[in-house]
Amino acid sequence: MTEPHLDHTAPKALRDIPLSILDLAPITAGSTAAHSLRNTLDLAQHAEKWGYNRYWLAEHHNMPGIASSATSVVIGHVAGGTNTIRVGSGGIMLPNHAPLVIAEQFGTLESLYPGRIDLGLGRAPGSDQLTSRALRRGPGSDGQDFPDRLGELRNYFQPTSGSSMRIRAIPGEGLHVPIWLLGSSGFSAQLAGQLGLPFSFASHFAPDYLMPALDLYRSSFRPSSELSKPYAMIGVNVICADTDEEAQRLATSPYQQFLNIIRGRTGQLSPPVDSMDVL
């Protein structure tokens, strides 16, 4: 993930743009969730040494190849095994949870690891419809109540002046946990702009809408106590290897994963193959 400040009067070189990592904690073929979570911590520790800015974990459910379903727990695991890198969610799917629970969880994380916790929020289920119902999302819940849930969550962290809240988030109340809105369309882009919050766009799976979403975020932006100017982070897929040929081969693992999703199959992350043509 890259974090270019949206100030087009001052172009930035790549070396000036903070880099971060989004981790789904993949479970590779023949491995286990326990091994995946050990790999996650190892990668986070290396990322910290290499100077990465943030390390975020994604919430997904009912997926045999992803170990980060209990996202807040994994964030604590990573934060406890590192020292300086910011750790957070990319993201917590807020419609899956009571806002009070998320305020308490991230209030606890911020209390344990002060100044290092980010709360990225999405409105998608992060799962199929059947799993969504198991997560206590009503059958008619489609994320349209996301702004109300977001407002409730923010109020637990910073209660409105003069309000006498009968329900309080302890830990959580009075703590500054930076909230990011995540999205792959215009909904969260516009909402983030209207609320003056930082925005992260999922261009790693919705690249065609990247620039329209950033334009909408910028045009909708209203300065807030959080930000005086728009600030965005962009998700991109990157495959690293010593040669282009080896990178192309390594890329066949995520290619297979996407192909299986299209075919309605889920499973662990497959090893690379020499050719996708035979699959």
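Out of everything in the range 153-198 that is assigned to a loop (DSSP other than H, G, I, E, B) and charged (D, E, K, R), what residue ends up being nearest to the chain's Cα centre (by Cα)? So that I can check it myself, show each step before the final result.
Applying the first criterion (assigned to a loop (DSSP other than H, G, I, E, B)) to the range 153-198 yields 158-178, 184-185, 196-198.
Subset that is charged (D, E, K, R): 166, 168, 173.
Numbers: 166: 31, 168: 26, 173: 23 Å.
Within the range 153-198, the match that is nearest to the chain's Cα centre (by Cα) is 173.
Quick one: how many residues across the range 233-279 are part of a loop (DSSP other than H, G, I, E, B), at negative phi, open to solvent by 60 Å² or more (accessible area, probe 1.4 Å) and not basic (Lys, Arg)?
14
How many residues are open to solvent by less than 50 Å² (accessible area, probe 1.4 Å), among the aliphatic types (A, V, I, L, M) and part of a loop (DSSP other than H, G, I, E, B) when one looks only at the range 14-41?
Matching residues across the range 14-41 total 3.
Taking into account only those residues within the range 71-115 that are in a loop (DSSP other than H, G, I, E, B) and under 23 Å from residue 201 (Cβ atoms), which is modelled with the highest pLDDT?
85
Quick one: residue 156 ticks every box in (1) closer than 27 Å to residue 104 by Cα; (2) touching a Gly at 6+ places or on another chain (Cβ under 6 Å); (3) open to solvent by 40 Å² or more (accessible area, probe 1.4 Å) bar one, so which box is it?
(3)
The rows are residues; the columns are (1) more than 18 Å from the chain's Cα centre (by Cα); (2) closer than 21 Å to residue 37 by Cα.
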site: 80; (1), (2): yes, yes
site: 85; (1), (2): no, yes
site: 89; (1), (2): no, yes
site: 93; (1), (2): no, yes
site: 96; (1), (2): no, no
site: 100; (1), (2): yes, no
site: 103; (1), (2): no, no
site: 113; (1), (2): yes, yes
site: 119; (1), (2): no, yes
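Go through 29, 25, 33 for me and flag whichever is of a type in the set (Gly, Ala, Ser) and on the phi > 0 side of the Ramachandran plot. First the steps, then the outcome.
Working: 29 fails: on the phi > 0 side of the Ramachandran plot; 33 fails: on the phi > 0 side of the Ramachandran plot.
None of the others qualify; the one that does is 25.
State which residue pairs qualify: first residue buried (at least 19 other Cβ atoms within 10 Å of the Cβ) and inside the range 171-185, second residue part of a strand (DSSP E or B) and of a type in the set (Gly, Ala, Ser) in any location, beta carbons under 6 Å apart, and separation of 6 or more residues or different chains.
180/120; 180/200; 182/91; 182/120; 182/122; 182/200
The values are calculated or read from the model by the stated rules, or taken from the named source; none is laboratory data. For clarity, every value in this text was computed on a predicted model and none was experimentally measured. Counting neighbours? That spans all protein chains shown, and the Cβs are built from the backbone with ideal geometry, glycine included. Note: accessible area is taken over every heavy atom of the protein model, side chains too, but ligands, DNA and RNA are not part of it. Shrake-Rupley method; radii C 1.70, N 1.55, O 1.52, S 1.80 Å.
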